[in-house]
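J.: Quick one: the structure is below, questions incoming.
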Amino acid sequence: MATKLGAYAGKVLKINLSDQTVSEYPITDDDRKKYLGGKILAARIIYDFIKGPIDPLSEENVIVVSTSPLNGTGSPSSSRFNVSAISPLTGILTSSNCGGTFGLSLKRAGYDAIIITGKSPSLTYLEITENGVKFNDASHLKNMLTGQAQQAIDGKSGKLVIGPAGENLVRYACAVSDDRAAGRGGIGAVMGSKNLKAITAYGVMQQPIYNADKLAKLKKKWTKRLKSHPLTGKQLPMLGTGALLSVMNQKNLLATKNFNTGKFEDFRKISGEEMAEKYLVKNNGCITCPIRCARVVNLDGKNIKGPEVEIMGLMGANILNNDLKKIIEWNYELDELGMDTISTAGTIAFAMELNEKGMWDCGLSFGKVDNITDTLKEIAYNTTEVGKKLAKGARELSKMFGGQEFCMQSKGMELSAYEPRAAVGQGLGYSVANRGGCHLNAGYAVVLEGLGLSVDPYTTRGKAQLAIMFQNLMEGASAGGSCLFTTYAFFPFFLMSKPNSIVTKLVNFLFPYFGPVIKIANKFPDILHLNLTSMLPHPVAITYATGMKYKMGDLMKAGSRGFNLERLINTKLGISQKDDKLPKRLTDEEQIKGDKRTKVPQEKLKRQFYKGRGWDENGMVKLSTLRYLGIDKLDDDPIYTRPLEEQGVVKVIAPKSIRKSIKKHIGS
Amino acid sequence: MVKVEFFGIYRLSYKMSSWEVDAHSISDLLKKLSKKFPVFTYKELKNSVIMVNDVNFLHLKKYKTKLCDGDSVFIMSPASGG
Ligand code: SF4
């Protein structure tokens, strides 16, 4: 459906792999205003398709690849796109953000999003251009690693591919674009289950910008702020996210030995500093990003992508490995095999503890690294019994062998590398995050509780409200197309660069007491009818790019709408308060023996969170909340029932072999 | 001697991971450090995160924190994030 807004392509395609039909999907400008793009628009689309629990690896599942208004506008760090589906790892909604070029290429081809349904009868890859969608035979790409597959597909197109892990339905398989992954939740397995090896997109369409002059000026200022901010201008470019590891260790935040503690004796050997000195070639970044947090490292003469802090922690401290070279190697292999690094590492650590406790003789042991490379392959190719079991993820292992209390997952998703007993707001976030134990969807409160600021990590005061505020902010920024790291520049410089000043100390002390004020702003974001352009340029950029009048409150409200919409979908899939929980190790055992503060007071925090979110005690979104957010009547208005202004019939080209096999498959 | 370890941008800027110095307080240590390696001034160093034997010096006596032989001091970048 065409759009009157700037920066949008105005077209969403629905591609049915079963019968190879392609049609336009009737998204309107009202939808664009409410749901922006990325993960929120994807949630709105998926909402209509989900009536109740499904088998995520069946053809009932739907994949939505969605771009955002700021993609393609040249706004700093705003080239990120989203992939959503029902996760085979968790059984609930997952959304995965990716910095590869595929999103931009999709927009250049003239589409804001694609919806993929059904299942191809044989391995296929989709070629999307301005002229339509071509279904290609992908048998020559079978079992190819993600790098190989991208090379084998010719052309200047943006690519999204899966590796052997996706084809073999590893529940936490990812999809890869360039060397960036849509990592979490098993998007790769969903593609694999649909026999979809890859999607490519190519075009030269440029979307008009509503106010190009003003946007150009804003981009300059925004870039300048990102470059001069201590976090986004210095720390991240110089050391990448790896810089965090030493700080995490100092603050008991570094998950060690399957989250037994928060400190690792050998942290120096696996730190960001060590990587910078011994392996770093240069820093790298997603397109249009001045921060460039990614690393290029040299491994035995070959330049490859370096690891992020999460994998450095989880494949280092959490399995008692002090060999950074191994971590670099595994990180590269995982991307090539197409498996999420965090879930793989979390599952392996759990298996190690099961083995240590005599509950599963799997051959994996803490500190033993010589069999990990083989294990990764066994998982990806499903070649051994141990590999097959590990491929199901930690929660499934705990159903087979027990150990729920030390199975470090929430709603089926393995936790990231931050030990939440030293940051209880982060602990709350893990337990209520929509996609499971994800540090970002959690609200990333650990940035306030030790990584960026030094707000008391143990107090429960104000934490629920802070988590909600940052969840909403990050959801909104992500749906706009911006990298979440851009939201760090929200913090005034002095808070980061002068940690010992009285003002910083005072802010850290007072932050939790802002809870009641933040609560009002969280509940009624409309009151934030203003823009703080230098601190939070996102809504202003959206306004200049699209012509929609966005203020800070609109961005936060869109974020809240997205979070609640995802919760609604999860509710349809059976989620309630019983699922918002952490393993007992984190809630019942003190991290530092004798220090009662060092465990997550989950129930208390959860109650505050539900109240702040406008949910009932059972974790259901209240009708009043839905009404305020304008998502109370979705069931009366499924998007697919709307008439299309112009029935866009999109050209479909498929090779004969595929047409034949489809005819056989659908019997017509 | 006090063992000083550098992290974050300090380690990359000084191009060394540790240094030993005879210092009786944090402020004495920072002065000596800025004099010996003028990569950062004393004023700039005052904005680092400083840990003395694993405890943030803000919980001790800040710049007046006394140091003894064998103490361990970490000098870390102020902003982290990730
Ligand atoms: S900060 Fe890092 S992840 Fe974010 S856009 Fe830039 S390079 Fe990509």
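Only the coordinates and a few stated rules stand behind these numbers; no lab work does. Since this is a predicted model, take the numbers as computed values, not measurements. Note that each Cβ is placed from the backbone with ideal geometry, even for glycine, and that neighbours are counted across all protein chains shown.
J.: Taking region A:418-668, how much of its Cα-Cα pair set, in percent, is spaced more than 23 angstrom apart?
T.: On the way: 18092 of 31375 pairs.
Value for region A:418-668 (Cα pairs over 23 Å): 58 percent.
J.: Mind checking the dipole of region A:231-321: about its Cα centre, +1 per Lys or Arg Cβ, -1 per Asp or Glu Cβ, Debye to the nearest 20?
T.: Here the size comes out at about 160 debye.
J.: Same structure again: Among A:Val161, A:Ala198, A:Ala42, whose Cα projects farthest towards the positive end of the dipole of chain A, with charges put on the beta-carbon of Lys, Arg (+1) and Asp, Glu (-1)?
T.: The one lying farthest along the dipole's positive direction is A:Ala42.
J.: How charged is the neighbourhood of A:Gly462? Take every other residue with its Cβ under 10 Å from the Cβ of A:Gly462, and add Lys/Arg as +1 and Asp/Glu as -1.
T.: On the way: positive: A:Arg461, A:Lys463, A:Lys519; negative: A:Asp456.
Overall, the nearby charge balance is +2.
J.: Where q = 0.10, 0.15, 0.17, 0.21 Å⁻¹, what log10 of I(q)/I(0) comes from the Debye formula for region A:307-453, counting one point per Cα?
T.: Relative scattering, expressed as log10 I(q)/I(0), comes to -0.32, -0.74, -0.95, -1.37.
J.: Continuing with the same structure: How would region A:12-202 be classified by its alpha-carbon gyration tensor: rounded, prolate or oblate, with rounded meaning a/c under 1.5 and the a/b versus b/c comparison settling the rest? Display every interim value, and only then the final one.
T.: Details: a/c = 1.36, a/b = 1.11, b/c = 1.23.
Taking the square roots of the gyration eigenvalues as a ≥ b ≥ c, region A:12-202 is rounded.
J.: Within the set of other residues whose C-beta is less than 10 Å from the C-beta of A:Tyr8, count the net charge using Lys and Arg as +1 and Asp and Glu as -1.
T.: Numbers: positive: A:Lys4, A:Lys11, A:Arg32, A:Lys107; negative: A:Asp29, A:Asp112.
That sum, taken over residues with Cβ under 10 Å, equals +2.
J.: Compute the convex hull volume of the Cα atoms of region A:370-509, divide it by the residue count, and report the result per residue in Å³ as a whole number. Don't skip to the answer; put the middle values down first.
T.: Working: hull volume 21.0 nm³, N = 140.
Dividing the Cα hull volume of region A:370-509 by its residues yields 150 Å³.
J.: Ok, one more. Please report, in debye to the nearest 20, how large the charge dipole of region A:12-202 is about its Cα centre when each Lys and Arg carries +1 at its beta carbon and each Asp and Glu carries -1 there. Before the final figure, lay out the partial values.
T.: Values: 20 positive and 17 negative charges, 86 e Å.
Around 420 debye, computed over region A:12-202.
J.: Within region B:1-20, list the residues whose amide N lies under 18 Å from a label point set 7 Å along Cα→Cβ of A:Lys278.
T.: Hits in region B:1-20 for A:Lys278 at 18 Å: B:6-8, B:11-12, B:15-18.
J.: Label A:Asn298 and A:Asp636 with points 7 Å out from Cα along Cα→Cβ: what is the distance between them in nm?
T.: Using points 7 Å along Cα→Cβ, the separation is 6.6 nm.
J.: Tell me the mean residue ellipticity at 222 nm calculated for chain A from its helices only (DSSP H runs of n ≥ 4, each -39500 (n - 2.57), averaged over every residue, nearest 500).
T.: -11000 deg cm²/dmol
J.: Counting only pairs 8 or more places apart or on different chains, how many lysine pairs in region A:12-202 have C-alpha atoms closer than 14 Å?
T.: Lysine pairs meeting the criterion: 9.
J.: Further question on the same structure: Got a sec? Charge dipole of the protein assembly as shown, +1 on Cβ for Lys and Arg, -1 for Asp and Glu; which of A:Ala182, A:Pro230, A:Ala467 is way out at the positive end?
T.: Most positive-ward Cα: A:Pro230.
J.: Also, I was wondering about something else. What's the magnitude of the charge dipole for the protein assembly as shown around its Cα centre, counting Lys and Arg as +1 and Asp and Glu as -1 at the beta-carbon? Answer in Debye, nearest 20.
T.: With only Lys, Arg, Asp and Glu charged at Cβ, the dipole is about 1980 debye.
J.: Among A:Gln250, A:Pro290, A:Ile569, which residue has its Cα furthest toward the positive end of the charge dipole of the protein assembly as shown, with +1 on Lys/Arg Cβ and -1 on Asp/Glu Cβ?
T.: The one lying farthest along the dipole's positive direction is A:Pro290.
J.: With label points built 7 Å along Cα→Cβ from the Cα atoms of B:Asp22 and A:Thr459, find their separation and express it in nm.
T.: About 4.4 nm, to one decimal.
J.: OK, next. Take the Cα gyration tensor of chain B, multiply each eigenvalue by 5, square-root it, and list the three semi-axes largest first, rounded to whole angstrom.
T.: Semi-axis lengths for chain B are 17, 15, 12 Å.
J.: Could you line up B:Thr41, B:Thr65 from fewest to most neighbouring Cβ atoms inside 10 Å?
T.: Ordered from fewest to most neighbouring Cβ atoms within 10 Å, B:Thr41, B:Thr65 come out as B:Thr41, B:Thr65.
J.: Sticking with this structure for a sec: Distance from the Cα centre of region A:263-301 to that of region B:1-49, in angstrom?
T.: Each part reduced to its Cα centre gives a spacing of 23 Å.
J.: Among A:Lys578/A:Lys606; A:Lys11/A:Lys557; A:Lys389/A:Lys411; A:Lys572/A:Lys622; A:Lys326/A:Lys388; A:Lys269/A:Lys596, which pairs are too far apart, with a Cα-Cα distance over 21 Å? If you can, show how the numbers build up before the last one.
T.: Working: A:Lys578/A:Lys606 11 Å; A:Lys11/A:Lys557 24 Å; A:Lys389/A:Lys411 18 Å; A:Lys572/A:Lys622 14 Å; A:Lys326/A:Lys388 23 Å; A:Lys269/A:Lys596 31 Å.
Pairs exceeding the cut-off: A:Lys11/A:Lys557; A:Lys326/A:Lys388; A:Lys269/A:Lys596.
J.: Can you work out the base-10 log of I(q)/I(0) for the protein assembly as shown at q = 0.10 1/Å, using the Debye formula on its C-alpha atoms alone?
T.: -0.96
J.: Further question on the same structure: Can you tell me the mean projection area, over all orientations, of the convex hull of region A:294-360's alpha carbons? Units nm², please. Display every interim value, and only then the final one.
T.: On the way: hull surface 18.9 nm².
Here the figure is 4.7 nm², rounded to one decimal.
J.: Lys and Arg at +1, Asp and Glu at -1: add these up for the other residues within a Cβ distance under 14 Å of B:Lys43 and post the number. Kindly include the intermediate steps, with their values, before the conclusion.
T.: Details: positive: A:Lys498, B:Lys31, B:Lys35, B:Lys46; negative: B:Glu44.
That works out to +3.
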